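See structure below.
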């Protein structure tokens, strides 16, 4: 659109105004002063009525224009403009902060919004696991059937990604309280240190553009909640928003596993990645040929009751899941330990049925049975201090529970009947093990795009 066809200096003639109106086909012309500030409006009807009253075509516009006219600032919302066009006027000048014409809105023309910069965001939930842990290790289900039952919960890792016009890379981790800056992707990947997992994911993605990436989590590091998997998933979720062929959920889970387990070389199982990406309550089967995610349709009333009966608390001690899983792998060469893992897989199928049928007390007791078996998988899974926490919880109302993740520290999960819940909560608080609130999360990894607004 040529704005020169919509504006005319006040000292120009009626003839020139009519000629411009003929060009712009709007029936309207805007009058500007010597500073190009819009000071009024004239329509073809206004001019023709003036001519009928005896005015001449060569007369100046200064005797005809209307100083009281409708105008809006550039950037006014579409809704507001449309309402005005629908009720009062057919053409509206859009002005800058000095009153100069920058665009036109009419019933036949609406200014196309300039394409704005966008950035992507994502969040991925952590999980709590109930049974089958250890059987999701590749070296186990390469020979035997593996199965776990877990659920995503409302505690997340978050990521924000902005593209840059150059190749520079800036990664900020609120969890690590560190920032990594590099001139390009190769320079970033070659850096060592605390950003190992993040850089492993970035290397797999292999982006062709520079970017700024911000990562933060709702939970402490090395807590047994599968946090590293959620960080990897959140990063992948952000970059996925800019792909022409987005990865599906299985692909994202596999990429997250590859980054942590293969590229970075941290020993561990498969369940964390699937739990975070898929979300909800899941029964996962692990076989040599294929991993299968079975979403569990647990009735809502059962889920609500289970939330009430579960207590999550942080022991305050961190763990190294890689070391524990490495040790566990060695221990599994012992036939007795391998049988214990298999018994927990069988128990996992039993727990699935208990959950679906609402036999929650039995489910809580099965948690205890599974934990007592898992403690024997490796000497690094528990400790006298952790055993003491667990046994005191049983003495104060819990009927079952377990350390989450590989063990060795992090979060305990306890099952307690409703009438004894407060007693257990009071005990935990007095022992500096205050419970962490959570809800089950039906959604897994979520990613979205956001318009980048100008800061004022």
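The values are calculated or read from the model by the stated rules, or taken from the named source; none is laboratory data. None of these values were measured; they are calculated from a predicted model. Note that each Cβ is placed from the backbone with ideal geometry, even for glycine, and that neighbours are counted across all protein chains shown.
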Residues that are outside any helix (DSSP H, G or I), surrounded by fewer than 24 Cβ atoms within 10 Å (Cβ to Cβ) and in contact with a helix residue (DSSP H, G or I) (Cβ under 9 Å, 6 or more places away or on another chain), drawn from segment 218-242
219, 220, 221, 222
I want to confirm something. Restricting to segment 310-330 and keeping residues that are surrounded by 20 or more Cβ atoms within 10 Å (Cβ to Cβ) and in a helix (DSSP H, G or I), which single residue is modelled with the highest pLDDT?
324
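Let's see how each residue does on (1) touching a helix residue (DSSP H, G or I) at 6+ places or on another chain (Cβ under 9 Å); (2) farther than 27 Å from residue 110 by Cα; (3) modelled with pLDDT of 90 or more:
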position: 33; (1), (2), (3): no, no, yes
position: 36; (1), (2), (3): no, no, yes
position: 50; (1), (2), (3): yes, yes, no
position: 63; (1), (2), (3): yes, yes, no
position: 81; (1), (2), (3): no, no, no
With criteria (1) buried (at least 19 other Cβ atoms within 10 Å of the Cβ); (2) under 30 Å from residue 211 (Cβ atoms), residue 118 comes up short on (1)
Given (1) under 30 Å from residue 355 (Cβ atoms); (2) assigned to a loop (DSSP other than H, G, I, E, B), index of the condition residue 176 fails:
(1)
Check 104, 112, 92 and return the single one that is at pLDDT below 95 and not in a strand (DSSP E or B).
112
In segment 142-165, which residue that is surrounded by 22 or more Cβ atoms within 10 Å (Cβ to Cβ) and over 21 Å from residue 231 (Cβ atoms) is farthest from the chain's Cα centre (by Cα)?
146
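Let's see how each residue does on (1) part of a helix (DSSP H, G or I); (2) at negative phi:
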| position | (1), (2) |
| --- | --- |
| 244 | no, yes |
| 251 | yes, yes |
| 265 | no, no |
| 288 | no, yes |
| 297 | no, yes |
Criterion first (surrounded by 15 or more Cβ atoms within 10 Å (Cβ to Cβ), touching a helix residue (DSSP H, G or I) at 6+ places or on another chain (Cβ under 6 Å) and at pLDDT 90 or above) does residue 20 satisfy it?
yes
How many residues of segment 46-70 are surrounded by fewer than 16 Cβ atoms within 10 Å (Cβ to Cβ) and under 20 Å from residue 100 (Cα atoms)? The answer is 5
Tally the residues that are exposed (fewer than 14 other Cβ atoms within 10 Å of the Cβ), touching a residue at least 24 places away in the same chain (Cβ under 8 Å) and in a helix (DSSP H, G or I), restricting the search to segment 427-456.
0
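Return the total of residues in segment 76-94 being over 26 Å from residue 47 (Cβ atoms) and surrounded by 13 or more Cβ atoms within 10 Å (Cβ to Cβ). Please lay out each step first, then the result.
Step one: list which residues in segment 76-94 are over 26 Å from residue 47 (Cβ atoms), which gives 76-80, 82-83.
With surrounded by 13 or more Cβ atoms within 10 Å (Cβ to Cβ) added as a condition, the list becomes 76, 82.
Residues flagged as over 26 Å from residue 47 (Cβ atoms) and surrounded by 13 or more Cβ atoms within 10 Å (Cβ to Cβ) within segment 76-94 amount to 2.
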Only listed residue being under 24 Å from residue 190 (Cα atoms), assigned by TED's automatic domain parsing to the domain that holds residue 164 and at pLDDT 90 or above, chosen from 214, 264, 221:
214
Give me a count of the residues in segment 415-426 that are in contact with a helix residue (DSSP H, G or I) (Cβ under 9 Å, 6 or more places away or on another chain), surrounded by 16 or more Cβ atoms within 10 Å (Cβ to Cβ) and farther than 24 Å from residue 297 by Cβ.
3
Condition set out of contact with any strand residue (DSSP E or B) (no Cβ under 7 Å at 6 or more places or on another chain) and under 23 Å from residue 393 (Cβ atoms), scope segment 351-360, selection surrounded by the fewest Cβ atoms within 10 Å (Cβ to Cβ): answer is 359
Every pair of residues 6+ apart whose Cβ atoms lie under 6 Å, when the first sits in segment 164-185 and is within 9 Å of residue 210 (Cβ to Cβ) while the second is exposed (fewer than 12 other Cβ atoms within 10 Å of the Cβ) and modelled with pLDDT under 95:
none
